[in-house]
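Chemist: Before I ask anything, here is the structure I am working with.
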Amino acid sequence: MSSVLERFLRYVQIDTQSDPNSETFPSTAKQRNLSNLLAEELRALGVADAHVDDHGYVYATIPSNSDRKDIPVICFCSHVDTSPDVTGENVKPIVHRNWDGSDIILPDDHSQVLRIGELHDLDQQIGNDIVTASGSTLLGADNKAGVAEIMAAAEYLLANPQIKHGDIKILFTPDEEVGRGTENVDLQKLGADFGYTVDGEAIGTLEDETFSADGVKITIHGVSTHPGYAIGKLENALKIAAEILARLPKDTLSPETTQDKEGFIHPVQMEGIQEKAVLSFIIRDFTVAGLHEKEAFLKGIMEEVLKAYPNSSGEFKVQEQYRNMKEVLDQHPEVIKNALTAMERVGLNPIQRSIRGGTDGSRLSYMGLPCPNIFAGEHAFHSKLEWVSVQDMEKAVEVIVELATVWEEK
């Protein structure tokens, strides 16, 4: 299973950053560079049907080698794109062998430092091999760690036919980071009964609950005029938008002030001129009712601000993004039970928990493919301090292989 590190180091050097403002699919053509490579490598391993479709998805099948005919078809899924939040161009991965617990100062920007006490779970990695970027980019462990782990597990299963399993489907998706990862996936073509995204954080974690998520776009139409003759006429859309932002609570309802099962309202982009301004938000909560409450609160702020600008108007548009997958997964307890069994068999103490985020599995579950999220080992994602442990990646490969055998047995 040693191929996981070599694969990971290659994959992260391929820029696959997605673009939330693009109207194409995938949102960036460069994502196909990795997708094409993965399909080629799978075919080289003997996966005859591996291919990239017109939308940039990689589909592949590892055929069953079991005499049993009643084994559910399972799928392992990861996404090839990286976050738009930090550049993914010219990633230079660094392996810090046998890390002794001291500060890891990244060479391209000495202000970027990995320290115990500041980064969650880092204190559990002393003696392990830590992979980081160089300080000027993200690493791309989200989700190329998962991609590399699925690829390494596929290689291992194909090289060890004595390990019995049913049909295994592989799905690599684009555009997960911009909320469009499953937009054009063909589940009939995929042909799986159950799935697992490999896109989680700490070793041993199994996530069966996610946020429910919406996007909100507020468009302000102000009144523009020459600033030299604007008295009593000008209603600056940029200032109106700024007032809306200023009225958001300072001590609650934001990512920086919430935790556990608390949701938030998060502005992610502002653009415009004095005539028109657009504010983009993401809304998160573990219940749909909670989403609606937050959206009503935000709309109320917009309407209250606009009262002072009688000649201006606002549009408030909500776009559903994904829903909490727990409602689906609770109807298929075997999906969770088998994953927990696989983790225990490879020596882990599994941790079942919620994720303050979403995965492709959120949408896949509601599309008809129950799909919890298992750990990939990625940490501090969407930042220049992103890191992953080689040993955690290797253990994830073991879990994927073992999970295939659990389904064959049961």
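Chemist: When residues of region 340-379 are filtered for being in a helix (DSSP H, G or I), in contact with an Asp or Glu (Cβ under 9 Å, 6 or more places away or on another chain) and closer than 15 Å to Val198 by Cβ, how many remain?
Modeler: Here the count works out to 4.
Condition check ((1) in a loop (DSSP other than H, G, I, E, B); (2) hydroxyl-bearing (Ser, Thr, Tyr); (3) outside the structural domain of Ala50 (by TED's automatic domain parsing); (4) surrounded by 24 or more Cβ atoms within 10 Å (Cβ to Cβ)) across all residues:
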residue	(1), (2), (3), (4)
Lys169	no, no, no, no
Gln188	no, no, no, no
Thr219	no, yes, yes, no
Thr225	yes, yes, yes, no
Ala242	no, no, yes, no
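Chemist: Looking at Thr61, Thr28, Thr24, which one is surrounded by 14 or more Cβ atoms within 10 Å (Cβ to Cβ), closer than 29 Å to Gly215 by Cα and either of a type in the set (Lys, Arg) or assigned by TED's automatic domain parsing to the domain that holds Pro174 (or both)?
Modeler: So the residue among Thr61, Thr28, Thr24 that is surrounded by 14 or more Cβ atoms within 10 Å (Cβ to Cβ), closer than 29 Å to Gly215 by Cα and either of a type in the set (Lys, Arg) or assigned by TED's automatic domain parsing to the domain that holds Pro174 (or both) is Thr28.
Chemist: Tally up the residues in region 60-104 that are under 18 Å from Asp49 (Cβ atoms) and either in contact with a Pro (Cβ under 9 Å, 6 or more places away or on another chain) or of a type outside the set (Phe, Trp, Tyr) (or both), please.
Modeler: Number satisfying all stated conditions: 10.
Chemist: To continue, here is another question. I need the full set of residues from region 183-240 which are more than 30 Å from His292 (Cβ to Cβ) and β-branched (Val, Ile, Thr), in order please.
Modeler: Within region 183-240, Val198, Ile203, Val223, Thr225, Ile231 meet the criteria.
Chemist: Sticking with this one: Scan (1) assigned to a strand (DSSP E or B); (2) of a type in the set (D, E, K, R); (3) in contact with an Asp or Glu (Cβ under 7 Å, 6 or more places away or on another chain) for the single condition Glu177 breaks and write down its number.
Modeler: (1)
Chemist: Could we say that Ala148 is of a type in the set (A, V, I, L, M), touching a residue at least 24 places away in the same chain (Cβ under 8 Å), buried (at least 21 other Cβ atoms within 10 Å of the Cβ) and assigned to a loop (DSSP other than H, G, I, E, B) here?
Modeler: Spelling it out, it is not the case that Ala148 is of a type in the set (A, V, I, L, M), touching a residue at least 24 places away in the same chain (Cβ under 8 Å), buried (at least 21 other Cβ atoms within 10 Å of the Cβ) and assigned to a loop (DSSP other than H, G, I, E, B).
Chemist: Can you pull out the residues in region 103-143 that are in a loop (DSSP other than H, G, I, E, B) and small (Gly, Ala, Ser)?
Modeler: Hits for region 103-143 are Ser111, Gly117, Gly127, Ala133, Ser134, Gly135, Ser136, Gly140.
Chemist: Find the residue count for region 291-339, including only residues that are in a helix (DSSP H, G or I) and closer than 28 Å to Glu262 by Cβ.
Modeler: 23
Chemist: Checking His110 against (1) surrounded by fewer than 15 Cβ atoms within 10 Å (Cβ to Cβ); (2) in contact (Cβ under 8 Å) with a residue 12 or more places away in the chain; (3) within 24 Å of Ser3 (Cβ to Cβ): exactly one of these is not met. Which one?
Modeler: In the conditions (1) surrounded by fewer than 15 Cβ atoms within 10 Å (Cβ to Cβ); (2) in contact (Cβ under 8 Å) with a residue 12 or more places away in the chain; (3) within 24 Å of Ser3 (Cβ to Cβ), His110 misses (3) alone.
Chemist: Scan Ile203, Ile163 and give me the residue that is within 20 Å of Phe375 (Cβ to Cβ), part of a loop (DSSP other than H, G, I, E, B) and in the same structural domain as Gln125 (by TED's automatic domain parsing).
Modeler: Ile203
Chemist: So if I check each of Glu303, Glu320, which one is more than 24 Å from Leu234 (Cα to Cα) and either acidic (Asp, Glu) or modelled with pLDDT of 95 or more (or both)?
Modeler: Glu320
Chemist: Moving on. Does Val12 meet the test of being of a type in the set (Val, Ile, Thr), touching a Ser or Thr at 6+ places or on another chain (Cβ under 7 Å) and in the same structural domain as Lys169 (by TED's automatic domain parsing)?
Modeler: no
Chemist: Okay, next question. As an exercise: evaluate Ala296 against (1) surrounded by 15 or more Cβ atoms within 10 Å (Cβ to Cβ); (2) in the same structural domain as Ile240 (by TED's automatic domain parsing) and give the number of the one condition it does not meet.
Modeler: Evaluating Ala296 over (1) surrounded by 15 or more Cβ atoms within 10 Å (Cβ to Cβ); (2) in the same structural domain as Ile240 (by TED's automatic domain parsing) leaves (1) as the failure.
Results for (1) surrounded by 19 or more Cβ atoms within 10 Å (Cβ to Cβ); (2) among the basic types (Lys, Arg); (3) assigned to a loop (DSSP other than H, G, I, E, B), shown as yes or no for each residue.
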| residue | (1), (2), (3) |
| --- | --- |
| Asn33 | no, no, no |
| Asn36 | no, no, no |
| Phe76 | yes, no, no |
| Val91 | yes, no, yes |
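Chemist: Scan Asp103, Asp81, Asp54 and give me the residue that is surrounded by fewer than 19 Cβ atoms within 10 Å (Cβ to Cβ) and either outside the structural domain of Glu118 (by TED's automatic domain parsing) or touching a residue at least 12 places away in the same chain (Cβ under 8 Å) (or both).
Modeler: Residue meeting the stated conditions: Asp103.
Chemist: Still on this structure: Name every residue in region 331-365 that is among the acidic types (Asp, Glu) and in contact (Cβ under 8 Å) with a residue 24 or more places away in the chain, in order of residue number.
Modeler: Of everything in region 331-365, those that are among the acidic types (Asp, Glu) and in contact (Cβ under 8 Å) with a residue 24 or more places away in the chain turn out to be Glu334, Asp360.
The values are calculated or read from the model by the stated rules, or taken from the named source; none is laboratory data. Please read these numbers as outputs of a predicted model, since none were measured by experiment. Reconstructed Cβ throughout: ideal geometry from the backbone, glycine too, with neighbour counts over all protein chains shown.
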